[in-house]
Amino acid sequence: MPLRGFRSVSALAAASGGTRGHILGGFSTQTARAAGDQAAALLISCIWTKMATRQTDLPSIDPHCAEFPLRVGRSRIHRFGVFAVKTIPRGQKVIEYTGERLTLKQAQARQTKNWKRGGPRMDTLFRLNKKCVVDGAVGGSGAELINHCCDPNLKTRRIRGHIFYFSRRRIRPREELTVDYRFPSQAERALCRCGSPKCRGTINRKRARR
Ligand SMILES: [Zn+2]
């Protein structure tokens, strides 16, 4: 899957100004790779360590945050994914999306530092509301591993300051859980290879018709 991203911080800010929720999406380019900010280096180092750890030791689901037994496994969509162990009926709360809570400004700064370092894509920033972003890369429940699909079996609901994934339909055992990331239409285009007959071709939302 290609790197996703915003062309600039201002684009991110613009993209983040709406009220409809979605994962912010990360960005990663080769530009400004030489920027030697130690704090950024430390942050990216931590992210890389976490990712490296996840590649060798299979990441797991925090059972306290999940309402159904779930497991992490190799995904046909992208790297690791989350799979149902047992049947999940329609309309059920499946898992909470947890992580470090950041202000929009802090999230933008985190993305910028990551971008300057040419770091890995950050698609773990999930906007809770206009002011708060949850970074699933830090203290995440495992929900941050759920991959994007244009015809997902999960939907997002925000309830009293928490983000939950609910089942859109009945989910069979061993089926991969998916959610629509809804990257902003004005953000850099991120090609989608979810394989769904309803795939819109990009993880970005389509532009609204006027
Ligand atoms: Zn798709």
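Coordinate-derived values only; no laboratory data. Here the structure is a predicted model, which is why all the values come from computation and not from measurement. Positions of Cβ are generated from backbone atoms using ideal geometry, with glycine treated the same way; all protein chains shown enter the neighbour counts.
Collect residues whose amide H, placed 1.01 Å from N in the peptide plane, falls under 5 Å from the amide H of Arg168; neighbours closer than 5 in sequence don't count.
HN-HN under 5 Å from Arg168: Gly91, Leu154, Lys155.
Mind listing the long-range amide H neighbours of Gly118? Cut-off is under 5 Å, sequence gap 5 or more, other chains count too, H placed in the peptide plane at 1.01 Å from N.
Thr29
If I stretch the segment between Gln186 and Arg174 completely, what's the gain in nm (0.36 nm per residue apart, minus their alpha carbon distance), one decimal? Let's see the in-between values first.
Details: separation 12, 0.36 × 12 = 4.32 nm, distance 3.49 nm.
Length difference between fully extended and current span is 0.8 nm.
At His78 and Lys130, where each label point lies 7 Å from the Cα along Cα→Cβ, what is the point-to-point distance in nanometres?
About 2.9 nm separates the two model spin labels.
Can you pull the semi-axes for the stretch 69-210, root of five times each eigenvalue of the Cα gyration tensor, sorted largest first, whole Å?
Numbers: eigenvalues 114, 69, 49 Å².
With the √(5λ) rule applied to the stretch 69-210, the semi-axes are 24, 19, 16 Å.
Roughly how many nanometres apart are two label points built 7 Å out from the Cα toward the Cβ at Gln106 and Gln92?
For Gln106 paired with Gln92, the spin-label model returns 3.4 nm.
For Arg160 and Glu67 in the same chain, what is the full-extension length gain: residue separation times 0.36 nm, less their Cα-Cα distance, in nm? Don't jump to the answer; show the numbers that get you there.
On the way: separation 93, 0.36 × 93 = 33.48 nm, distance 1.77 nm.
So the chain would gain 31.7 nm between Arg160 and Glu67.
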